[in-house]
Amino acid sequence: MSEYKKKYPHTTIAVQNKMTECFKSMSVDEKRILIIASPLARNINATEQDEILISVNDFADECGIKINSAYKQIEIASKRLVDRSFSYTNDRGKKVYSNWVIDATYEDAGVSLRFTAVVLLMLKVLDKLNPYTKYKKDIVLKLKKDYAIDFYHIAKKFEKIGKFGMSIDEMFTEFGLPDSYRD
């Protein structure tokens, strides 16, 4: 496996593209937790035994929400992450199912999460074998809808190409938008 070599300031988020492909059905707060956890996991080179603390104050400040709301939002999102799973195809072509989080400890200061090894790889390893997209944290965390984060990620992913196109039907499929949005 390749080692994480790139260094980014805390104001820049770098996320593996396959992570954002896996988290499409998540709530905006679940996505925010994963986005905030990425640089934290890289900075400590986290393993499954390491707890990554997402403080309520940082969560509220970085996401542009009130501190009173942040307590409940972070609790609900972390519980959902513990219950949530995803699937991917491994390097042998086999379908693998995995959980996002081993456990979450809700604390006064926030939530401490222990991520599975496969999620830690997606949070920490950014190289040519594991393509990623980077963007400014203060922009993406303040987006209010779950699909807005997905759309922003795709737009940033194609930014260097200079153009991006997607049909309405592709957009509904890509972002998991409800049919009620077609009206």
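The values are calculated or read from the model by the stated rules, or taken from the named source; none is laboratory data. Here the structure is a predicted model, which means the values were calculated and not measured. Don't worry about glycine lacking a Cβ; one is built from the backbone with ideal geometry, like all the others, and counts go over all protein chains shown. For the accessible areas, the whole protein counts, side chains as well, though only heavy atoms, and no ligand, DNA or RNA atoms are used. Shrake-Rupley method; radii C 1.70, N 1.55, O 1.52, S 1.80 Å.
Scanning region 152-161 turns up no residue that is hydrophobic (A, V, I, L, M, F, W, C), closer than 15 Å to GLU30 by Cα and touching a Phe, Trp or Tyr at 6+ places or on another chain (Cβ under 8 Å).
Residues in region 50-94 that are of a type in the set (S, T, N, Q) and over 21 Å from LEU141 (Cβ atoms) were compared, and the one that is most open to solvent (accessible area, probe 1.4 Å) is THR89.
Do you know which residues across region 153-183 are basic (Lys, Arg), open to solvent by 90 Å² or more (accessible area, probe 1.4 Å) and assigned to a helix (DSSP H, G or I)? Result: ARG182, single match.
Scanning region 137-146 for residues being surrounded by 18 or more Cβ atoms within 10 Å (Cβ to Cβ) and either basic (Lys, Arg) or at pLDDT below 85 (or both) gives a total of 2.
Looking at the structure I just gave you, is ASP150 among the acidic types (Asp, Glu), open to solvent by 20 Å² or more (accessible area, probe 1.4 Å), in a helix (DSSP H, G or I) and out of contact with any Pro (no Cβ under 8 Å at 6 or more places or on another chain)? When the stated conditions are applied, ASP150 does not pass them.
Return yes when VAL111 is at pLDDT 85 or above and either among the acidic types (Asp, Glu) or more than 14 Å from the chain's Cα centre (by Cα) (or both) and no when it is not. Considered against the rule, which asks whether it is at pLDDT 85 or above and either among the acidic types (Asp, Glu) or more than 14 Å from the chain's Cα centre (by Cα) (or both), VAL111 comes out as yes.
Suppose we filter region 73-91 for residues that are over 19 Å from GLU21 (Cβ atoms), without any contact (Cβ under 8 Å) to a residue 40 or more places away in the chain and not aliphatic (A, V, I, L, M); how many remain?
Pass one, region 73-91, residues over 19 Å from GLU21 (Cβ atoms): 73-79, 82-83.
Filter again for without any contact (Cβ under 8 Å) to a residue 40 or more places away in the chain, leaving 75, 79, 82-83.
Then keep just the ones that are not aliphatic (A, V, I, L, M); that gives 75, 79, 83.
Count: 3.
All conditions in (1) over 18 Å from VAL118 (Cβ atoms); (2) under 16 Å from the mean Cα position of the chain (by Cα); (3) modelled with pLDDT of 95 or more hold for GLU62, with the sole exception of (3). Restricted to region 106-132, and to residues there that are open to solvent by 10 Å² or more (accessible area, probe 1.4 Å) and assigned to a strand (DSSP E or B), the residue that is farthest from LEU81 (Cα to Cα) is ASP127.
For region 18-49, taking the residues that are open to solvent by 60 Å² or more (accessible area, probe 1.4 Å) and part of a helix (DSSP H, G or I), the one that is farthest from LYS145 (Cα to Cα) is identified as ILE44.
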